[in-house]
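Comments concern the structure below.
No value in this document is a laboratory result; all are computed from the given coordinates. None of the values given here were measured: they were computed from a predicted structure. Cβ atoms come from the backbone with ideal geometry, glycine included; neighbour counts cover every protein chain shown.
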């Protein structure tokens, strides 16, 4: 195995996770683990729909029922703009302004906003601990916290915990209190599973729906009211992800970042060519 495969990890080891958090996050999410970060952030957002106050708001907008792909693309592209260019860059500030404009139309509690932010930090780290092709460096964990802490501040989120472990405890305790089944959880969860399945040919969609359920833990299954998938489905999916991680150890390092380059979005062809972050965003709910 070439030592070049670990050159970004070694570069990250020489950076300061607080001062250099943006650079570390860009290297980790954009070059060493881009596919994993994308999947983990999808499941991070999916996890937030287990909170009834969040799912009720999303159900009321009608976005998940009527335009699930656009809603997904808006969120992923706006977050990618911030990560790719930095939260204080012109495009990053424009993306944050768009996010704040959209959120400002709705009554969202600070605690719900804080919980969503916590999933962006800790869900990808949990995914990579299980399925990453190499172990995360401690600087990557801390940098993710400092990066999203700065993003959260610019979104007006208050009372962000001062440390990585404290934020992890907040997330765990919030889920213990708020993960309960409601009908809006189920509705938004089903719309989201349907969106994931729609990315595949029709004959594969039942298997995708089953596979998504197999990736959910017990608290999520209860909060959504989903029937658990057979254990062998989850075991097969986990084995596939671990085999992929092992194989990636022998790949050459990625030379350029893929952050902000979204060839897979289905709403804005060719993005970012011809588009600005201010072109994105959900509509307000009906009066």
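How much length would be gained if the chain were fully extended between residue 19 and residue 190, taking 0.36 nm per residue of separation minus their Cα-Cα distance, in nm to one decimal?
Values: separation 171, 0.36 × 171 = 61.56 nm, distance 4.09 nm.
In short, 57.5 nm is gained.
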Quickly work out the residue 180-to-residue 256 label distance, labels modelled 7 Å from Cα along the C-beta direction, and quote it in nm with one decimal.
5.1 nm
Using alpha-carbon positions, what is the distance between the centroids of segment 106-164 and segment 203-260, in Å?
21 Å
Note on the chain: alpha-carbon gyration tensor, axes a ≥ b ≥ c; rule is a/c under 1.5 for rounded, else prolate if a/b larger than b/c, else oblate; result rounded
I'd like the FRET efficiency for residue 11 and residue 249, computed as 1/(1 + (r/R0)^6) with the beta carbon distance as r and R0 of 25 Å, rounded to 0.05.
0.90
Which distance in nm do the two modelled labels at residue 273 and residue 242 give, with both placed 7 Å along the Cα-to-Cβ direction?
4.3 nm
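Rounded to the nearest 0.05, what FRET efficiency do residue 266 and residue 207 have when you use their Cβ-Cβ distance and R0 = 25 Å?
Numbers: r = 21 Å, r/R0 = 0.83.
Efficiency, rounded to the nearest 0.05: 0.75.
Using the 10 angstrom Cβ neighbour count as an exposure proxy, how do 43, 200, 224 rank, fewest first? Don't skip to the end; give the middle numbers.
Details: 43 19, 200 13, 224 25.
Least to most surrounded, the residues fall as 200, 43, 224.
For a Förster distance of 25 Å, can you work out the FRET efficiency between the beta-carbons of residue 235 and residue 134, rounded to the nearest 0.05? Before the final figure, lay out each step's value.
Details: r = 23 Å, r/R0 = 0.93.
According to the calculation, E is roughly 0.60.
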Describe numerically, in nm with one decimal, the distance between label points set 7 Å from Cα along Cα→Cβ at residue 65 and at residue 153.
4.1 nm
